[in-house]
1. Would you tally the residues in region 27-40 being out of contact with any Phe, Trp or Tyr (no Cβ under 9 Å at 6 or more places or on another chain) and in a strand (DSSP E or B)?
2. Would it be correct to say that V73 is on the phi < 0 side of the Ramachandran plot and either within 14 Å of the chain's Cα centre (by Cα) or open to solvent by less than 20 Å² (accessible area, probe 1.4 Å) (or both)?
3. Tally up the residues in region 19-46 that are open to solvent by less than 20 Å² (accessible area, probe 1.4 Å) and either within 30 Å of R116 (Cβ to Cβ) or not polar (S, T, N, Q) (or both), please.
4. When you scan region 102-125, how many residues do you find that are exposed (fewer than 10 other Cβ atoms within 10 Å of the Cβ) and of a type in the set (V, I, T)?
5. What pairs can you find where one residue is in region 1-26 and within 18 Å of S71 (Cα to Cα) and in a loop (DSSP other than H, G, I, E, B), the other is open to solvent by 80 Å² or more (accessible area, probe 1.4 Å) and at pLDDT 80 or above, and their Cβ atoms are less than 8 Å apart, with a gap of 6+ or different chains?
6. Output the number of the condition that H16 fails; it satisfies all remaining conditions of (1) within 26 Å of D127 (Cα to Cα); (2) in contact with a strand residue (DSSP E or B) (Cβ under 7 Å, 6 or more places away or on another chain).
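The values are calculated or read from the model by the stated rules, or taken from the named source; none is laboratory data. All figures in this text were calculated on a predicted structure; none of them were measured in a lab. Here the Cβ positions follow ideal geometry from the backbone for every residue, glycine too, while neighbour counts run over all protein chains shown. Just so you know, the surface numbers come from the protein's heavy atoms only, side chains and all, with ligands and any DNA or RNA stripped out. Shrake-Rupley method; radii C 1.70, N 1.55, O 1.52, S 1.80 Å.
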Amino acid sequence: MSSGSIWAKDESGLKHIFINQPYQKISTWFEVVNGRFPFQIQDSNETPISFIVYENMRLISSYKSGLDISSLVKIITILYFRDNIPKNDVDRIMALRYYRSNVAAHLTGKVKTDYRINSNDISFFIDVFTRLFK
């Protein structure tokens, strides 16, 4: 993972969100949390399900075995830190992204068969897009 920064929407300038350090370390404002979504089947692997935001940058391990988290890091960085989308909404986007990846995109079958995307999920995305593009 490379270093990442955003330009704040309030025009306060450039904010460094994470900075690569030697020895698989990273200085960061947040860290992903692994676990399982309620709709995952029990024998599926843990996956990023949320994130912790720190009050100050912290030095943490950047090594995440077997996980492609680069797109999630970008999603969190842009939505939470640049566009001020609340953490709970970003967590929900992470869940819906996992569902999409394992049902619609890659057909891994790692979700319970009784779970379905519904009109509330569609309304949620419309609301997020409205906040992003106003």
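1. So the count comes out to 2.
2. yes
3. 8
4. 1
5. Between residues of region 1-26 that are within 18 Å of S71 (Cα to Cα) and in a loop (DSSP other than H, G, I, E, B) and residues that are open to solvent by 80 Å² or more (accessible area, probe 1.4 Å) and at pLDDT 80 or above, the close pairs are S3/H16.
6. (1)
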